[in-house]
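Worksheet: one structure, shown below.
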Amino acid sequence: MLSVNTIDSVLKSYYLDAICASLNTGVSPLYSAIEKSAAEISGKEAVVPSMYGVCGGLGSTDETGELPESGECLRSGFHVPLKNIYGVIDISDKALRASRDNASGIVGLLNTEIKAMVRSAQFNLNRMLWMDGTGLLATIGSFATGAMPSATVNDTRFLSEGMKVDVYRSNSAIVNGIRIVDVNHETKTITFEFGVLLTQSLQSGDKLYVQKSKDNEVNGIPYVFNNPNTYFGVNVATNPGIKPVERDLQDELTVDAMQEFFDSASLRAGMQPDMIVCSMKTRRQYLKQLELNRRNIDYLNLDGGFKTLSFNGIPVVGERFAPDGEMYFLNTPTLKLVQLNDWEWLEGENGSILNQLDRKAVYTATLVKYANLVAAYPRGQSRLKGILDAASGASADGESGTP
């Protein structure tokens, strides 16, 4: 007969390794390429050193001249707060009792719940890589009341069916934990679950965040570029050497423009980017340029089973969450996901993983990871923005930039 303790053991000894493998390699090519490290952890944060430029202690003198004075490399130290990332599954007591004499039944139940949670975690980890830590998903443009209320938003990239979101107005929450049941990416319309918002209307300018996550998410790639004053506590004005490279193209994408920017970024960083990431639309623009110029179209196979285009032997990755009209030329060896631990089960009293919810016939299990993303060498990251759409002559990002 299966018991809660037996299931605890299965979750810990069998499922955890499989979950970690899926979340470390199956999220995206970029996430797979980023180093996961606990070496920099100090208390509740990570302290990540950064060196840039060359050592100043080099010089040439004559035989009787004085030796050059020492000059250490320019240094900065980033203090990176660890963000709390949780994944929660619930299993009813009735389901457990119905399966306690049937091992395959409880395995099937666990498989279903854990696969759904892993799929959700992959979506959200990848999403957070392309956000700045605030957790802002979208801004409402208009709202329609009814049994199935709906709203138009400025951007649906970060939204998916099943999400639970909080709605903020003037920086105060007005609705908590409402579920999205449909997302129409063509019309940029979302539909909320039946029977909610009957007494609360939303309005233009209201902002959507993942439930309980406002200002608590991972600082993704945009955080490197969108913070002109400080980067994880380091003043950019007094440490200009850490600034990343950015250029506003304001023109259609060409292979020549990419090569020129690639060379400029490499000169600034002192190393060549090893991955180019952009939206699916921007990748199609690159592919069209290759076809127009009758250039060979090369493909690369990446770790995790991903296949992608290449530019001079460098992968060009099309990413759902990257904004249109922008290309990111990244040095992935200098990106780190600093973490206190890999994914682990949150344990209760006596080391139990499955714990009964207070006054409910439901057991819950929680996965946890304390982590954040940091560019240990920010000047090694580059962004080419302002890529125009050949069809309209307008910026390709339209309204799909920062929500």
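Structure notes:
- Computed helical MRE - 222 nm, the chain, DSSP H runs ≥ 4 contributing -39500 (n - 2.57), nearest 500: -6500 deg cm²/dmol
- Positive end of the dipole of the stretch 136-210 (Cβ unit charges, origin at the Cα centre): among V183, S201, Y168, the Cα lying farthest that way belongs to Y168.
- Reciprocal of mean inverse Cα separation for the stretch 265-368 (Kirkwood radius, Å): 17.5 Å
- Over the chain, relative contact order from alpha-carbon pairs under 8 Å, at least 6 apart, %: 22 percent
- Taking Cα centre as origin and charging only the Cβ of basic (Lys, Arg, +1) and acidic (Asp, Glu, -1) residues, the dipole magnitude of the chain rounds to 1200 debye.
- Gap separating the Cα centres of the stretch 197-221 and the stretch 7-34, nearest whole Å: 28 Å
- Largest first, the extents of the alpha carbon coordinates of the stretch 136-210 on the three principal axes equal 28, 25, 20 Å.
- Hydrophobic, long helices, defined as DSSP H runs whose alpha-carbon span along the helix axis is 30 Å or greater and whose mean Kyte-Doolittle value is at least -1.0, occur in the chain at 103-129.
- Alpha-carbon gyration tensor eigenvalues x 5, square-rooted, for the chain, Å: 41, 29, 21
- Distance (nanometres) between label positions extended 7 Å along Cα→Cβ at R268 and N111: 5.0 nm
- Most tightly packed first, judged by the mean number of other beta-carbon atoms within 10 Å of their residues, the peptides 18-25, 281-288, 182-189 read 281-288, 18-25, 182-189.
- Proximal aspartates and glutamates relative to K214, as straight alpha-carbon distance under 13 Å, when same-chain residues fewer than 8 apart are discounted: D132, D166
- Ordering of 313-322, 193-202, 245-254 by burial proxy (mean other Cβ atoms within 10 Å per residue, highest first): 313-322, 245-254, 193-202
- Based on Cα contacts under 8 Å between residues 6+ apart, the stretch 136-210 shows a relative contact order of 43 percent.
- The charge dipole of the stretch 136-210, taken about its Cα centre with unit charges on the Cβ of Lys, Arg, Asp and Glu (plus for the first two, minus for the last two), comes to roughly 160 debye.
- Violating pairs (Cα-Cα greater than 18 angstrom) within the set K188/K385; K12/K94; K36/K369; K188/K288; K336/K369; K44/K243: K188/K385; K12/K94; K188/K288; K44/K243
- Cα convex hull of the stretch 11-155 - mean projected area over all directions, nm²: 17.5 nm²
- Rounded to the nearest 0.05, the FRET efficiency derived from the C-beta distance between R75 and E35 at R0 = 22 Å is 0.65.
- Between the stretch 251-291 and the stretch 115-191, the Cα center-to-center distance that results, in Å: 31 Å
Just so you know, all these numbers are worked out from the coordinates, no wet-lab data involved. These numbers come from a predicted model, not from an experiment. Cβ: placed from backbone, ideal geometry, glycine included. Neighbour counts: every protein chain shown.
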